[in-house]
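Data first, discussion second: the structure below is written as structure tokens.
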Amino acid sequence: MMTFALAFAILILVLALGIWFAAVLDGVFSRQLSGHGTVGLLAPFHASAVYLTQQRLRTEAPDQLNWFLSIAGYLSVAATGLAVVPFGPDLAVIGLDTSVVFWGACESLIVVLVFLHGWSPNAPLSLIGAYRYVAIGLPIMLPSMFVLIAVAIPAQSLDLRDIVASQETVWNVIRQPLGLPLFLLLGLSLTLRGPFDYADSDDLAGGTSAEDSGANRAGWQVARLAMLVGFSAVASAAFLGGYLGPVLPGFVWVIIKTLVVMAIVIGLSHLLVRLPVARMLGLIWKILLPISFLDLLWAGLVALA
Amino acid sequence: MTLTAILIVAAALFGIGLFGALSQKSFVMLMMGLEMMLNGTLLAAVGFWAFTLEGAPKGQLLAILVMAVMAVELAIGFALVVAVYRKREADVIEGIGTMKQ
Amino acid sequence: MGRIGGTGMTDLLFYALSALAIWSGWRVFRVDSMIRATFALMVSFTSVGGIAVLMAADYIGVATVFMMAVEMMVMGLFMVMFMMNPAGLNPMQMVHQYKFSIAAGVLGFVGLATAVLLTNFPDNPLPENRDTLRDLGIELLGGSMLIFETAGVTLLATMVGAVALSSRRGRFGDSDAGAAPPGLHPGGEPAGRKVEKGGGHGGHGGHGGHQMNMEKTKQDSSDDPHKGHGNMSETEA
Amino acid sequence: MNWIAKLAAKAPVPIFIARGPDAPDETDRLHLNPALTIVDTPRAASILLVAGTLPHALKMYLHRLHDQLPHPRATVFWHSSPTEPFSNAVEIAHGDDLASVLLRTRAALLGGERASDADVLPDEPANEWQGVGPHGQGGKGMMGGTPYGRPMAMTDDDIRDGLKLDAYTAEFGPFLPMLPAGMILKLTLQGDIIQDVAVVSPPYEDARKGREIRALLRLLGLPTLANRMLVENAHRDAGFKRLVTLSGVRMAIPPDLGRTHDGSDVRSRFEHLLKDPFSPQKPHLTGLDLGDLLEGREWQEAMLILNSFDNVSLRKICANTRTNADEDSSEQTSGGHENMDHSAHGGH
């Protein structure tokens, strides 16, 4: 019970810190790349306060229940994703021996929730965003599954705790060089960012979130950042050795590595172009999926050698 | 949590699925009924495995097969719906009294 | 069994998840919005997955959630595509043989439940601390490998079949052009008797008026095994 | 003022811009102002900024747009004066600093000194629900009817693979951020594929400098690089160009997208704009209409095509295209056509 409480406290800390840091980091990147703008450490709080002062508008005949559930669900799936990440040996909030599959289940629920978020307002642009996201979000999960199976091979376990422990000598990012890049692309898709932002993109004036206002908008934006934290923590555990590291306590390493992955994802989201849907589908099925097969094959050969 | 309780829940899910499969006009809803029946089956399979098989792994295998069957049912079902819809523009059961042409 | 915080807690979770599974399962056929129906079914599956995890079938439980979320997503898209009124904003009645179905459903439940209550099941529960995940892995790639691989090949065949069925272009022309039996001489009239136009006219309204009866279909196909099979017979030819 | 409002008062003012044909050149550069955030949807804005004088025909759209802002909200007229029904609106006097007026207005809204704008249009369905069938449905079969003032989506031919699914027709524009300002298109969509297009109103005549390249970069998912173009002489910066190239734009724009008769396509127009953002290519447009360019394209591609042309060229293309009026007379639409525009969403 004590370890559970400790792990839970660390989870809340990582989540809150991560959300704030992600918002600031996003500001830093866009300032550096666009050459103007300001970065305030408190800016994320100010921005969300603006939404909270605003009225929550209703569209015509919305699906109110699903609208609420999609936002709340997206946030809680982000937190559950984070909960399988070990903050130290045997220090995970959810200690399942199938936690990698559990994270896979979270990934597929995310597609459902983003779709619902676009469906519920009963408006054309958000619905287009929802459709497009499903078209891209489902196939991009396939490479991610192969990549996750590949990291499970050296650990001989589907438990993220064992996967971290298996990286004692060498991190998976080195042992399986193709894994992390592919997984980062999935992260862009899960967090609706940059090249994989088919749901909330500029060409749809905000897509699924175009009709969000007031608290709904604040909730959705916070949930997106929370998802970034959850994803980054999983990626750091699966590829960067999670809590492993010298001197500092394990959970500090988890935080540091999570923030590094987060910075990479945010940077990629500002720098990579978004392909039209048909081209992206071609890229996923014809290039990314075969690469993920290679990754799996490589992991198998290394395990046998 | 006893085997009887689990099997009764499974029976309830199966009954609901049967009702749905028989009462719905639309193909897609009909498939939902079938899926619901398989849902009950899956629960029963896992229940039998956990309570009467002493954890013999074949029980889990059965559950995996049920899931594979669901996937096959869904994929072929949708493909048929699309094929029928292309030809007939029908998406309800009454729309295809005949399978000809 | 008591995996999570003692037996009492497990029982409580079991009853909660069962209630959720049955209630959301019932909602599937009672809500107007197709999207709600689809995702109610997903909730039902997820609850069953949760119950499986309570029974120490970790992999099965989590994989159920994983598979069903994806399946129901696809199902939801098909709902929106094919249903005339996916959001349920236009009141409508899309059921038939309603009383019969209720009776069948209730009878199915009562029958199965009675069978369950009257049967004396062997009591060989799962031993504590058995590594079920490892069991499953060894079984899948050991003793039952053939079954497992067959399932894999079946899924592959399903994929190929589904693509072939649903695509418009086929070896013998567009699928919506329909199929006709080959002529008796090259380029001639299709052989066999003409089938009168059936099928759903004018959009997917489906408001009766085109019930071709099944009897007739049977007669026709017994008359001549080579007609009415559409593409199948042409492929052989 | 409670603490949330106090926090909110420190944030940049979220504004949605409704641009008129004579909007001042500084409008684009408002992006650079740290006191403002220009948002893509009225649902996220606190202040509706009307920049320049709107043509009379677009007044109705402005009213709809206005009602989509969440309370507390205000309307500010810049380089134009408030018209009916915006009697309560703020007008920026000559010489006033826009940002400080907006900040002051927002503070007054948050503090409660200024009343939030009331709705301009009545908030009610365009038509009453009229059940026809035995279950209260809108049409005689289970299909059809005009639930809440707009016809139900019905199946329509599909130009891709012939699967006749529900088509959706609506007007898009004139203030949507991804369309050139002033442009209203009536699009029939199958999913995100454009099935049919008619012009309701062409874009304004004004030639905003560098609009095309910024719009294209935004549509390609590079909004930060698009904003970089607002910085003086950004297009001469070799580092910036390298960033754009490395992002993979060449791979992203499909070949032959939006091809004109003289062989210019979106890719070549984009390359040209990247070299010289202020003088877009002038392709040969005779006989080219929006239908040729957009039909069968998915949404993002269609937006890329539209934004790869400058306003003058777009107006020429629009002139070749079937207009909404032609369509109304040619098609036998039984009433309700005017009601198709979606006050709840298509408006902004």
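Here, each number is a calculation from the coordinates, and none is a lab measurement. Since we're looking at a predicted model, the values are computed, not measured. All Cβ positions, glycine included, derive from the backbone under ideal geometry; neighbour counts span all protein chains shown.
For D:Val13, the residues whose modelled amide H falls within less than 5 Å of its own, excluding neighbours fewer than 5 places apart on the same chain, are D:Leu36, D:Thr37. Karplus-based coupling profile of region D:233-243, in residue order and whole Hz: 6, 4, 6, 8, 7, 5, x, 5, 4, 5, 4, with θ = phi - 60° in 6.51 cos²θ - 1.76 cosθ + 1.60 and x standing for Gly or Pro. Think of it as helices only: each DSSP H run of n ≥ 4 in chain B is worth -39500 (n - 2.57), and spread over all residues that comes to -28000 deg cm²/dmol at 222 nm.
Here D:Ala35 and D:Glu113 are evaluated by their C-beta separation; at R0 = 25 Å the FRET efficiency comes out at 0.80. Projecting the Cα atoms of C:Phe39, C:Phe14, C:Ile51 onto the charge dipole of region C:8-130 (Cβ charges, centred on the Cα centre) puts C:Phe39 farthest toward the positive pole.
With viscosity 1.567 mPa s and temperature 4 °C, the Kirkwood radius over alpha carbon pairs of region D:206-333 converts through Stokes-Einstein to a diffusion coefficient of 84 µm²/s. Annotation: amide H-H contacts under 5 Å for D:Thr169 (H modelled 1.01 Å from N, sequence separation of 5 or more, or interchain): D:Leu189.
Computed about its Cα centre, the charge dipole of chain A is approximately 400 debye, with only Lys, Arg, Asp and Glu carrying charge at their Cβ.
For C:Phe100 paired with C:Ser167, estimate the spin-label separation in nm (one decimal), with each label point 7 Å from Cα along the Cα-to-Cβ line. It works out to 3.9 nm between the two label points. Assuming charge only on the beta carbon of Lys and Arg (+1) and of Asp and Glu (-1), the dipole of region D:4-54 about its Cα centre is about 360 debye to the nearest 20. Beta bridges assigned by DSSP with both partners in the protein assembly as shown are antiparallel in approximately 55 percent of cases. Spin-label model, C:Val31/D:Ala99: points 7 Å from Cα along the beta carbon direction are separated by 4.7 nm. Hey, if you put +1 on the Cβ of every Lys and Arg and -1 on every Asp and Glu Cβ in chain A, which of A:Pro86, A:Ala105, A:His36 ends up farthest toward the positive end of that dipole? Farthest towards the positive end: A:His36. Helix content alone sets the calculated 222 nm mean residue ellipticity of chain A: runs of n ≥ 4 DSSP H residues at -39500 (n - 2.57) each, divided across all residues, give -23000 deg cm²/dmol. The distance separating the Cα centre of region A:1-80 from that of region D:1-40 comes to 21 Å.
Using only alpha-carbon positions in chain B, the gyration tensor eigenvalues give semi-axes of 33, 15, 7 Å once each is multiplied by 5 and square-rooted (largest first).
Projecting the Cα positions of D:His31, B:Leu74, D:Pro122 onto the charge dipole of the protein assembly as shown (unit charges on Cβ atoms of Lys, Arg, Asp and Glu, taken about the Cα centre) puts D:His31 furthest along the positive direction. Look at where the Cα atoms of region D:244-322 and of region A:121-179 average out, and the two centres are 37 Å apart. Using 0.36 nm per residue and subtracting the Cα-Cα separation, the extra length available between D:His63 and D:Ser279 on full extension is 74.3 nm.
Remark: spin-label model distance C:Asn124-C:Ile138 equals 1.6 nm, labels positioned 7 Å along the Cα→Cβ axis. Could you tell me how far the Cα centroid of region B:31-76 sits from the Cα centroid of region D:64-90, in Å? Between the Cα centres of region D:64-90 and region B:31-76 lies a distance of 60 Å. How many percent of all Cα-Cα pairs in region C:8-130 sit more than 19 Å apart? Of all Cα-Cα distances in region C:8-130, 63 percent exceed 19 Å.
Here the peptides D:108-120, D:15-27 are ranked by packing, the mean other Cβ count within 10 Å, and the order with the highest first is D:15-27, D:108-120.
Summarised in one figure, the compactness ratio Rg/Rh of the protein assembly as shown, Cα atoms and Kirkwood Rh, is 0.97. In loop segments of region C:58-144 as defined by DSSP, the trypsin sites (Lys or Arg not before Pro) with at most 14 further C-beta atoms inside 10 Å of their C-beta are C:Arg130.
Within region A:2-304, the proportion of Cα pairs with more than 32 Å between them is 24 percent.
Diffusion coefficient (Stokes-Einstein, Kirkwood radius over C-alpha pairs, 20 °C, 1.002 mPa s) for region A:101-243: 136 µm²/s, rounded to a whole number. Taking amide H as placed 1.01 Å from N in the peptide plane, the amide H of D:Phe77 sits under 5 Å from that of D:Val50, D:Val90, D:Glu91, D:Ile92, each at least 5 places away or on another chain. Computed from backbone phi with θ = phi - 60° and the Karplus coefficients 6.51, -1.76 and 1.60, the 3J(HN,Hα) list for region B:62-74 is 4, 4, 4, 5, 4, 5, 4, 4, 4, 4, 5, 4, 5 Hz; x is used for glycine and proline. Rounded to whole numbers, the Karplus 3J(HN,Hα) couplings from phi for region A:61-78 are 6, x, 9, 4, 4, 5, 4, 5, 4, 5, 5, 4, x, 4, 5, 6, 5, 4 Hz, using 6.51 cos²θ - 1.76 cosθ + 1.60 with θ = phi - 60°, and x at Gly and Pro. Note on region A:252-305: the alpha carbon radius of gyration divided by the globular reference 2.2 N^0.38 Å gives 1.60. Sorting the segments C:23-31, D:194-202 by their residues' average number of neighbouring beta-carbon atoms within 10 angstrom, most packed first, yields D:194-202, C:23-31.
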